[in-house]
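Some notes on the structure that comes next.
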Amino acid sequence: MLYKRNPQLNTHGELIHLLTTEGLPRAILTHILDTAAGFVSVSDREVKKVPLLRGKSVFNLFFENSTRTRTTFDIAATRLSADVITLDIARSSTAKGETLLDTVANLSAMAADIFVVRHSESGAPYLIARHVAPHVHVINAGDGRHAHPTQALLDMFTIRHYKRDFANLTVAIVGDVLHSRVARSNIHALTTLGAAEVRVVGPRTLVPSDMAAMGVRVCHTLQEGITGADVVITLRLQNERMSGALLPSAAEFFKHYGLTPEKLTWAKPDAIVMHPGPINRGVEIDSAVADGVQSVILPQVTFGIAVRMAVMSIVAGNNA
């Protein structure tokens with residue numbers, strides 16, 4: 001059998017694209033987190049810039065709506081001193097019928113160095129990565145239901161910041177796992193980094209049948225799922241990706257799976273609460289929890305800038 005090289009790595013095992021957390025070695029995940037730690041303090045400086053990507057061009061290609069991810073990528077690239085170009089997809093040639101690869105080829109001719117890609121179709125960033133020149137790097141900012149690696153990495157950074165080590169942690173991922181690229185990316189990262197137990201929690205209609213095969217514990221009641229947990233990650237109920245009657249109503253979901261102060265007492269007293277955003281208050285999480293002392297939702301956003309700075313600086317420093 002021929003050995004198939006990870007398309008994210010060069011022949012030296014160095015990161016040249018970030019497409020998924022699946023299959024990434026623990027050493028690379030740790031290197032990204034360690035590099036990000038050095039960038040956190042940049043936000044506190046009077047001049048919030050470092051020159052690592054000076055002269056480089058970062059093209060943000062968001063074929064799917066985003067506020068938080070796109071903004072933090074913009075800020076991260078700017079703080080690395082890159083030239084940042086955000087394509088207006090609604091007015092681009094893609095909207096006029098140009099293919100994805102033709103769009104990328106034309107932008108590459110404008111001396112692009114990094115493409116940050118969000119797309120509704122799973123696999124789109126992989127397609128782009130296979131067709132760009134060796135010096136061009138692709139970062140997946142979310143593709144369909146497949147992966148959202150930088151969100152997972154900022155979640156790992158947040159967990160490590162507050163809990164220091166993954167070895168003894170129980171992490172519960174609660175909600176719409178079926179449609180969540182964040183859940184899948186987090187599961188791959190957590191298992192690679194050595195979390196003691198990863199649980200997915202949700203109604204049977206919103207938990208894929210292959211979860212147990214990914215090495216996680218499947219729970220269909222919130223009490224079972226978060227009892228004794230060190231970390232509770234609540235997921236957004238993704239109405240835009242749902243098809244058919246998977247839930248009776250949002251109110252019914254909140255009744256059984258919404259995280260309230262009372263239900264949070266099932267977790268460990270020092271458990272942290274996370275959410276990838278945007279939050280649907282009163283659906284997956286109560287405002288008293290989202291704004292409470294155990295919530296680290298806003299620090300997640302802050303750490304996301306440092307993590308995305310780390311990813312861009314690392315891939316830009318490696319050649320295919």
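Computed over the stretch 208-320, the alpha-carbon pair-distance distribution with 5 angstrom bins reads 2, 10, 17, 19, 18, 14, 10, 5, 3, 2, 0, each value a whole percent. Lysine pairs in the chain whose alpha-carbon atoms fall under 28 angstrom of each other, counting only those eight or more residues apart or on distinct chains, come to 6. Protein heavy-atom accessible surface, 1.4 Å probe, per residue over the chain: 43 Å². Two numbers describe the Cα atoms of the stretch 102-201: Rg and Dmax, which are 16.2, 49 Å. Among the trypsin sites (Lys or Arg not before Pro) in the stretch 1-83, those located in a DSSP loop and surrounded by at most 11 other Cβ atoms within 10 Å of their own Cβ are 4, 5, 45, 54.
Treating the chain as a set of equal point scatterers at the Cα positions, no solvent, please give the Debye-formula log₁₀ I(q)/I(0) at q = 0.07, 0.10, 0.12 Å⁻¹. Values, matching the q order: -0.27, -0.56, -0.81. Since only 318, 193, 288 are under comparison, the one whose Cα sits farthest along the positive direction of the charge dipole of the chain, derived from C-beta charges on Lys, Arg, Asp and Glu, is 318.
Scanning the chain for helices, which whole DSSP H stretches are 27 Å or more long along the axis (Cα) and average 1.6 or more by Kyte-Doolittle? Membrane-span-like by this criterion, though nothing is claimed about a membrane: 297-316.
Solvent-accessible area of the chain (1.4 angstrom probe, protein heavy atoms only): carbon and sulfur portion equals 53 percent. Considering only 147, 66, 108, the residue lying farthest towards the positive end of the dipole of the chain is 108, judged by Cα position with unit charges set on Cβ.
What percent does the relative contact order of the chain come to when contacts are Cα pairs within less than 8 Å and at least six residues apart?
Numbers: 596 pairs, mean separation 68.5, N = 320.
21 percent.
In the chain, the DSSP beta bridges split such that about 5 percent are antiparallel, to the nearest 5.
The values are calculated or read from the model by the stated rules, or taken from the named source; none is laboratory data. Keep in mind that this is a model prediction, so the values were computed, not measured. Neighbour counts run over all protein chains shown; Cβ positions are idealised from the backbone, glycine included. These area figures cover heavy atoms from the full protein model, side chains too; ligands, DNA and RNA do not enter into them. Shrake-Rupley method; radii C 1.70, N 1.55, O 1.52, S 1.80 Å.
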